[in-house]
1. Looking only at region 39-74, which residues are more than 12 Å from the ligand (Cβ to nearest atom) and within 19 Å of residue 248 (Cβ to Cβ)?
2. Using the structure shown, decide if residue 141 is within 16 Å of the ligand (Cβ to nearest atom), under 30 Å from residue 460 (Cα atoms) and modelled with pLDDT of 95 or more.
3. Restricting to region 75-113, name every residue that is in a helix (DSSP H, G or I), away from the ligand (no atom under 14 Å from the Cβ) and among the charged types (D, E, K, R).
4. In region 236-259, is there at least one residue being within 16 Å of the ligand (Cβ to nearest atom), among the polar types (S, T, N, Q) and open to solvent by less than 50 Å² (accessible area, probe 1.4 Å)?
5. Kindly indicate which of 659, 707, 698, 638 is more than 20 Å from residue 606 (Cβ to Cβ), in contact with a Leu (Cβ under 9 Å, 6 or more places away or on another chain) and not β-branched (Val, Ile, Thr).
6. Checking the condition of a type in the set (A, V, I, L, M), without any contact (Cβ under 8 Å) to a residue 12 or more places away in the chain and not in a loop (DSSP other than H, G, I, E, B), which residue from 314, 324 passes?
7. Can you give me the number of residues within region 154-175 that are modelled with pLDDT of 95 or more, touching an Asp or Glu at 6+ places or on another chain (Cβ under 9 Å) and within 11 Å of the ligand (Cβ to nearest atom)?
Amino acid sequence: MAMSGNGSAAVPAEVDVAVVGAGFSGLYMLYRLRELGFSAMAFDEAGDVGGTWYWNRYPGARCDIPTTDYSYGFDPQLEKDWTWSEKYATQPEILAYLQHVADRYDLRRDIRFGIRITAAVWDEASRRWRLRTSHGDEVSCRYYIMASGCLSLPKTPDIEGVDRYRGEVYLTGRWPHDRVDFSGKRVAVVGTGSSGIQCIPLIAREAARLTVFQRTPNFSVPAHNGAPPPDRLARLAADRDGYREAARWSRGGIPVELTDVSGVTAPEDVRRQRFEGAWQAGELFAILGVFNDQGVNPVSNELVAEMIREKIRAIVSDPDTAEALCPKDHPFGTKRPCLDTSYFETFNLPHVRLVDLRRTPIVTVTEAGINTVEESFEFDAIVFATGFDAMTGPLVSVAVTGAGGVTLEDKWEHGPATYLGLMTTGFPNLFMITGPQSPSVLSNMVVSIEQHIDWTADCLQRLRAENLDRIEPTPLAEAGWVQHSRDCADITLYPRANSWYMGANVPGKPRVFLPYIGGVDAYRRACQEVAENGLMGFRLDGPAGARCHDGVIRRIQPDVAIVLDLMASLGLPPVETMNVADARAFAEATAATMPPGPAVGEITDAVLPGPAGDLAYRLYRPPSAGPHPLIAYFHGGGWVLGSQHSDEPFCRDLCLRTGAVVISVNYRHAPEDRFPAAADDAFAAVQWMAANAAGLGGIPGQLTVAGWSAGGSLAAITCQLARDAGGPDIASQLLLTPVTDCDLGRASYSGNGEGFVLTAALMRWFWDHYAGEADRANPKASPLRGTLAGLPPAVVVTAEFDPLRDEGEAYAEALAAAGVPVRHIRARGHIHTSLTMVDAVISGAPVRAEMAEALGSFRPAPVQI
Ligand code: NAP
């Protein structure tokens with residue numbers, strides 16, 4: 001490689017790959033690049049290797065992932081040669097490990113220390129990046145890799161008067177190399193995140209007086225540090241490769257057993273037992289996994305949160321201090337929880353005091369100390385443990401200008417957009433290691449780092465082998481990944497917190513959930529599929545020509561994907577291979593495993609007169625005082641399965657969201673009663689409800705007819721029959737993923753015909769049971785073939801991965817064309833069954849909210865009588 005610049009630490013004018021950072025990421029990246037024969041150079045502002053562990057030298061700094069797991073797994077020999085002395089190693093030990101790695105693989109010769117990359121410009125003509133260093137050198141590289149860490153740019157304390165202070169000032173993220181002696185000093189610590197919580201007990205040991213300024217109390221659990229856990233060491237010794245592989249395919253980068261215990265349904269003794277177990281384990285993934293629903297269900301989450309608060313109250317002697325230390329403004333886990341050693345106990349020491357900034361905010365830092373609205377404090381030293389401009393900060397702090405002259409900072413003005421957290425459109429050949437929208441900070445970082453680096457190294461090798469030299473994600477692929485990342489976050493409680501995960505700790509930073517929360521395993525699978533599908537979603541270019549297999553790698557809602565995976569793992573026989581009795585028993589058994597749905601005011605069972613005998617119905621009444629609008633509801637089940645209570649969770653949800661009395665009717669089923677029995681029953685039921693509206697607690701004139709799937713078809717048909725019969729008056733219709741036509745040749749039948757629960761084969765089975773060929777085209781079976789003018793306003797919901805999607809869409813379009821007011825809601829990433837899986841598929845909730853809002857918009861004023 002050509003060299004220029006400063007002597008023995010010469011900076012090359014040209015390399016294949018330039019890497020920013022010499023921490024865990026940069027070191028392994030260099031190792032892989034060298035192994036593959038690329039010329040590579042890494043740059044780090046620090047004086048040596050270590051990254052985070054170079055800078056964060058504050059007392060008490062340790063990892064919060066067991067060090068046996070927080071280690072490289074790429075070289076078994078390295079693992080055998082290194083022994084950790086503690087469960088959670090200290091900063092000096094981790095730094096020594098990284099120095100050992102640098103020595104062992106002779107990496108330092110390709111690292112330039114004390115050098116910062118200040119600017120990077122993409123040159124399209126040469127297809128290279130031009131980098132400028134803080135020493136004024138220029139480096140040209142084909143590929144530019146930001147291995148600069150997620151938490152490497154400390155946030156300047158945004159406190160009035162901070163520059164005025166004349167005493168000693170320390171920033172945890174930029175701690176001096178020489179030992180800081182706090183003996184006999186009056187010390188302040190501002191900030192109670194992981195850094196503050198780690199250093200406070202140790203500073204308290206030395207300081208004459210310690211005052212902790214806390215803005216937001218944080219959840220913390222005892223680390224129970226000590227020797228590395230023998231059970232883990234034994235597992236590693238027995239099968240090191242198996243253990244590492246299990247980590248790679250785990251949810252968080254550590255092999256832990258996931259629980260199926262729900263906080264909501266578990267008995268109190270089981271809850272306590274699980275919580276105590278996690279508290280004693282002293283591991284983040286244990287306390288984050290007490291219940292399987294604590295990350296998504298506020299009730300379950302609050303159980304864990306309150307049990308932690310109980311612990312805090314039991315540890316801290318002064319009740320006011322204890323209460324001030326109890327976090328109450330965010331769900332547990334939605335801000336990074338901490339592992340501590342004697343943190344809460346520290347507040348029992350007579351020389352340690354907590355200042356609650358929520359009660360007495362800081363007014364200013366003074367020359368001598370800190371003034372709050374109530375008091376003036378004087379200090380010999382102030383420690384700012386005030387955090388980082390996380391994830392995006394280190395990336396945009398370099399002036400990166402991509403193709404077309406746009407800077408990364410400008411592109412990400414409203415939040416980062418990446419493909420797989422690895423690359424971003426408009427910035428060809430720029431790779432980010434553990435970038436935004438990758439699991440990174442929500443996982444064992446080392447596992448995620450190795451995965452990103454292996455993927456990147458494999459990609460560069462492949463480009464070279466295929467005579468390509470330019471790679472850039474497509475806008476479609478990137479938008480798809482951003483959407484998927486957001487979908488994953490939106491089903492959790494994480495977006496509710498003002499956390500650095502949300503960018504909320506930096507004034508003016510866009511409020512966007514930064515990491516990918518879908519899991520290390522799911523993420524790895526996505527990256528693998530992208531690679532296996534011809535680097536799907538990337539535009540590739542070079543001497544060999546240009547090519548692109550464009551597409552979106554994940555379109556299914558994440559919780560729907562979990563349901564599908566679960567069902568696939570059960571290996572259940574297809575319903576259409578069963579006889580009708582077995583199919584009904586199976587459907588009932590499946591429904592019984594679902595959460596029951598929200599509590600409503602009242603549920604009653606009764607019968608109404610049908611054309612061939614009584615029809616059972618179940619009525620769901622809102623808790624508010626009536627009268628209410630009425631909804632006649634027809635369940636799904638392909639005319640063959642189901643009953644008045646089979647869609648209970650959905651009916652309850654509908655009742656609460658719309659504030660309507662929902663009456664779910666059990667119409668006659670096929671094959672015992674074939675076409676048009678179900679349609680006749682449905683119409684008769686609606687006539688009866690209209691006639692008895694007041695007695696049912698309904699508001700006259702506010703009757704909606706609703707249904708799901710085959711029940712949606714019955715609802716649509718009922719509206720047509722009512723119009724033709726001159727009554728009853730129907731205010732609106734709600735058709736949820738309805739059957740509207742007997743033509744099974746539409747594109748969604750082939751595209752979504754298999755693998756999404758309702759299959760094309762099952763629909764054929766339903767049709768065969770319900771109606772003969774001659775009857776199917778009858779509008780009483782295929783409402784799309786009826787006359788649509790003059791029908792009540794309609795809310796039509798279609799699901800993207802539903803065989804019935806296209807006929808639902810066709811119905812919505814045909815209604816609109818016939819002059820009927822229509823709200824068509826397209827449920828992105830959903831399947832036929834997922835919108836009714838209340839509390840099981842959380843991503844369905846916003847769709848149901850929109851559905852209820854749309855129904856409300858069609859609601860007429862009450863009829864005055
Ligand atoms: P942090 O979690 O962002 O905590 C910063 C603290 O400073 C918060 O308590 C914050 O209060 C407070 N703060 C910020 N600005 C303030 C102001 N102007 N006035 C008063 N208080 C202010 O930062 P961190 O503790 O450095 O940790 C960051 C992340 O690094 C951690 O979440 C973790 O992922 C990682 N880390 C890990 C370890 C480990 O155990 N391995 C150790 C340290 C850090 P608010 O909450 O109200 O904003």
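1. 68, 69, 71, 72, 73, 74
2. Details: within 16 Å of the ligand (Cβ to nearest atom): no; under 30 Å from residue 460 (Cα atoms): yes; modelled with pLDDT of 95 or more: yes.
In short, no.
3. 79, 80, 81, 103, 104, 108, 109, 110
4. Of the residues in region 236-259, the ones within 16 Å of the ligand (Cβ to nearest atom) are 252-254.
Subsequent filtering for residues that are among the polar types (S, T, N, Q) retains none.
Scanning region 236-259, I find no residue that is within 16 Å of the ligand (Cβ to nearest atom), among the polar types (S, T, N, Q) and open to solvent by less than 50 Å² (accessible area, probe 1.4 Å), so the answer is no.
5. Working: 659 fails: in contact with a Leu (Cβ under 9 Å, 6 or more places away or on another chain); 707 fails: more than 20 Å from residue 606 (Cβ to Cβ); 698 fails: more than 20 Å from residue 606 (Cβ to Cβ).
Within the list 659, 707, 698, 638, the selection yields 638.
6. On the way: 324 fails: without any contact (Cβ under 8 Å) to a residue 12 or more places away in the chain.
After applying the criteria, what remains is 314.
7. Summing the residues that are modelled with pLDDT of 95 or more, touching an Asp or Glu at 6+ places or on another chain (Cβ under 9 Å) and within 11 Å of the ligand (Cβ to nearest atom) in region 154-175 gives 1.
Listed here are the residues, each with its yes/no results for (1) open to solvent by 10 Å² or more (accessible area, probe 1.4 Å); (2) more than 18 Å from residue 533 (Cα to Cα); (3) more than 13 Å from the ligand (Cβ to nearest atom).
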site	(1), (2), (3)
468	yes, no, yes
473	no, no, yes
482	yes, yes, yes
488	no, yes, yes
491	yes, yes, yes
505	yes, yes, no
509	yes, yes, no
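The values are calculated or read from the model by the stated rules, or taken from the named source; none is laboratory data. Since the structure is predicted, the reported quantities are computational estimates derived from the model, not experimental observations. All Cβ positions, even for glycine, are placed from backbone atoms using ideal geometry, and neighbour counts span all protein chains on display. We work out accessible area using only protein heavy atoms, side chains counted, and drop any ligands, DNA or RNA first. Shrake-Rupley method; radii C 1.70, N 1.55, O 1.52, S 1.80 Å.
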